[in-house]
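For reference, the structure is listed below as structure tokens.
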């Protein structure tokens, strides 16, 4: 499991990305529990995620950030990323971002995968 904190900061809101390889649904359960129990991630205002497993099973959750799960899942599909779970954690900074938050989610994904050269 790999997390990059504060990958983007926009109007005092910050974003973190957490990614893990999933080889079974138990790995997905471990990942989701990690999002709830990690001391930094569980303080996020929103923990949105998506996963793809064996190219045929996929899922998502907006985590209260309407539409965020779809953006993450679409990124995984467009880049043919399989056996992976990805979470974007947003820490609200007090200023509403409107649709700009979706640009930040996409950009956070791009930055993460460029920095890690993994998956």
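When you look at residue 53, is it surrounded by 14 or more Cβ atoms within 10 Å (Cβ to Cβ), more than 12 Å from the chain's Cα centre (by Cα) and more than 24 Å from residue 117 (Cα to Cα), yes or no? Here the answer is no, as residue 53 does not meet what is asked.
Selection of segment 83-119 for residues being touching a strand residue (DSSP E or B) at 6+ places or on another chain (Cβ under 6 Å), at pLDDT below 95 and under 18 Å from residue 23 (Cβ atoms) yields only 119. From (1) within 16 Å of residue 35 (Cα to Cα); (2) touching a residue at least 24 places away in the same chain (Cβ under 8 Å), pick out the condition that doesn't hold for residue 81. Only one criterion in (1) within 16 Å of residue 35 (Cα to Cα); (2) touching a residue at least 24 places away in the same chain (Cβ under 8 Å) is unmet by residue 81, namely (1). Applying the set (1) surrounded by 14 or more Cβ atoms within 10 Å (Cβ to Cβ); (2) part of a helix (DSSP H, G or I); (3) more than 11 Å from the chain's Cα centre (by Cα) to residue 108 leaves exactly one unmet item: (3).
Number of residues in segment 1-24 that are farther than 24 Å from residue 81 by Cβ and not in a strand (DSSP E or B) equals 2. Restricted to segment 60-100, and to residues there that are over 13 Å from the mean Cα position of the chain (by Cα) and outside any loop (DSSP other than H, G, I, E, B), the residue that is surrounded by the fewest Cβ atoms within 10 Å (Cβ to Cβ) is 78. Residue by residue through segment 2-38, note down the ones that are touching a residue at least 24 places away in the same chain (Cβ under 8 Å) and at positive phi. Of everything in segment 2-38, those that are touching a residue at least 24 places away in the same chain (Cβ under 8 Å) and at positive phi turn out to be 11, 12.
Being assigned to a loop (DSSP other than H, G, I, E, B) and within 13 Å of the chain's Cα centre (by Cα), is that true of even one residue in segment 25-44?
Yes, the conditions are met somewhere in segment 25-44.
The values are calculated or read from the model by the stated rules, or taken from the named source; none is laboratory data. Just so you know, these numbers come straight off a predicted model, no measurement behind them. Counting neighbours? That spans all protein chains shown, and the Cβs are built from the backbone with ideal geometry, glycine included.
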